[in-house]
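Step one of this worksheet: look at the structure below.
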Amino acid sequence: MKARPLLIPLLIVMAAGTSLAQDKGTLDPQPLPPLERPDDPHLGAKQLFARKLLPSAQPTRVIGEYTRGCIAGAVPMPITGDTWQVMRLSRNRNWGHPDMIALLKRLSVKAHRDAGWPGILVGDIGQPRGGPALSGHASHQLGLDADIRLTPMPDHLLSRQEREEMSATMMVRDDRLDIDPKVFTSGHVAVIRDAAMEPAVQRIFVNAAIKKALCREATGDRSWLEKVRPWFGHDYHFHIRMRCPPAATECKGQTDQTGGDGCKPSDLAYWFKDSIIHPKPEPPKEPAKPRPGLTMAQMPAGCRAVLNAPDAKAP
């Protein structure tokens with residue numbers, strides 16, 4: 001399959017869900033309404049960043065933290081390549097740092113070579129200028145995070161409807177204690193390993209049951225397991241996080257993981273507590289007033305210039 005030009009969809013308001021891979025998109029996205037007071041100091045920054053449909057016409061620059069920052073000069077992941085396809089196009093979240101886009105293309109080729117997959121299905125990377133989103137993620141603000149479905153890419157070109165509505169495959173057993181062996185295979189191990197072995201990748205987030213399976217199935221060099229960390233959800237997809245690029249002095253990254261491969265029983269015990277696997281529902285209470293989230297005053301100062309910069313040319 002040959003890469004096709006990226007089509008810029010209109011943005012829609014979506015409710016946050018536990019798994020964006022399962023939330024359907026739309027074939028008829030509608031623009032967000034204009035803001036009455038875009039200069040309101042109490043307005044959530046997510047309302048401003050979500051209304052930017054194109055990246056800034058600036059050199060690439062990463063500013064701030066994974067959960068509080070932005071990116072200038074982001075580039076798109078083309079929606080279709082020989083070994084990848086981008087899902088949920090109506091979200092307009094296939095933008096990232098050039099290094100991330102290059103990494104995803106490399107990973108797609110490795111998935112084809114090492115796992116025998118036709119390719120990968122790419123979920124959310126980031127918004128055109130990064131920043132906080134209206135739904136789904138606290139991170140993904142710097143163009144250095146990306147979600148990859150654990151469902152192999154089908155061997156045909158997906159229709160727009162399939163990209164918006166096709167669900168990812170649950171990899172974890174109903175009891176949440178291990179993977180479902182009917183769907184989780186050695187190919188999944190190979191793809192996650194390939195991602196973790198990329199030098200620029202700092203962390204991979206997966207469900208604890210998937211981490212447990214990786215610990216059990218990994219052979220040979222196990223050093224890559226140190227980068228793979230258990231986290232809530234992540235049972236339909238895995239989350240790649242890159243370290244700050246060299247010379248990106250305004251990027252505030254994280255320290256590397258230490259302490260071994262994270263496979264000791266004590267490393268995983270917390271995640272398999274009954275209170276974590278089966279949390280008790282909270283008693284019903286009065287719906288809280290929606291929080292505006294981070295304001296522009298709480299964002300790194302450089303993000304205001306990114307937000308207000310002219311649009312880059314559409315791809």
*Looking at Ala218, is it in contact (Cβ under 8 Å) with a residue 12 or more places away in the chain, under 19 Å from the mean Cα position of the chain (by Cα) and over 13 Å from Arg176 (Cα atoms)?*
no
*If you check every pair at least six apart or on different chains, which have Cβ atoms under 9 Å apart with a residue in the range 241-268 that is free of Cβ contacts under 8 Å to residues at least 24 places away in the same chain first and a residue that is in a loop (DSSP other than H, G, I, E, B) and surrounded by 12 or more Cβ atoms within 10 Å (Cβ to Cβ) second?*
Asp267/Gly260; Asp267/Asp261
_Failed condition for His137, given (1) in contact with a strand residue (DSSP E or B) (Cβ under 8 Å, 6 or more places away or on another chain); (2) at pLDDT 95 or above; (3) closer than 30 Å to Lys52 by Cα_ = (2)
_Scope the range 219-239; condition crowded, with 18+ Cβ neighbours inside 10 Å and among the aromatic types (Phe, Trp, Tyr); matching residues_ = Trp224, Tyr236, Phe238
*asked:* Restricting to the range 157-180, give me the number of residues that are over 22 Å from Ile79 (Cα atoms) and surrounded by 15 or more Cβ atoms within 10 Å (Cβ to Cβ).
replied: 8
*asked:* I need a count of the residues in the range 166-175 that are within 22 Å of the chain's Cα centre (by Cα) and farther than 14 Å from Gly123 by Cβ.
replied: 3
*Is at least one residue of the range 240-262 within 24 Å of Asp147 (Cβ to Cβ), among the charged types (D, E, K, R), in contact with a helix residue (DSSP H, G or I) (Cβ under 7 Å, 6 or more places away or on another chain) and surrounded by 17 or more Cβ atoms within 10 Å (Cβ to Cβ)?*
yes
_Considering only the range 148-156, I want to know if a residue exists there that is at positive phi and either hydrophobic (A, V, I, L, M, F, W, C) or buried (at least 21 other Cβ atoms within 10 Å of the Cβ) (or both)._
no
_For the range 53-74, give me each residue that is closer than 24 Å to His239 by Cβ, surrounded by fewer than 21 Cβ atoms within 10 Å (Cβ to Cβ) and either in contact with a Phe, Trp or Tyr (Cβ under 7 Å, 6 or more places away or on another chain) or not acidic (Asp, Glu) (or both)._
Thr60, Arg61, Thr67, Arg68, Gly73
*Is there a residue being more than 15 Å from the chain's Cα centre (by Cα), touching a residue at least 40 places away in the same chain (Cβ under 8 Å) and on the phi > 0 side of the Ramachandran plot anywhere in the range 109-122?*
yes
*Go through Val183, Val189 for me and flag whichever is among the hydrophobic types (A, V, I, L, M, F, W, C) and either part of a strand (DSSP E or B) or surrounded by fewer than 16 Cβ atoms within 10 Å (Cβ to Cβ) (or both).*
Val183
*If you go through the range 268-304, how many residues are part of a loop (DSSP other than H, G, I, E, B), in contact with a strand residue (DSSP E or B) (Cβ under 8 Å, 6 or more places away or on another chain) and over 30 Å from Arg61 (Cα atoms)?*
0
_Let me spell it out: the conditions are (1) more than 16 Å from Gln85 (Cα to Cα); (2) under 16 Å from the mean Cα position of the chain (by Cα), and Arg149 meets all of them except one. Which number is the exception?_
(1)
*Would you please list the contacts, defined by Cβ atoms under 7 Å and residues six or more apart or on different chains, that run from a residue in the range 280-297 that is within 28 Å of Ala50 (Cβ to Cβ) to a residue that is loosely packed, with under 10 Cβ neighbours inside 10 Å?*
Pro292/His42; Thr295/Pro41; Thr295/His42; Ala297/Pro41
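The values are calculated or read from the model by the stated rules, or taken from the named source; none is laboratory data. Bear in mind the structure is a predicted one, so any value in this text is a computation, not a measurement. Every residue, glycine as well, gets a Cβ built from its backbone with ideal geometry; the counts of neighbours run over all protein chains shown.
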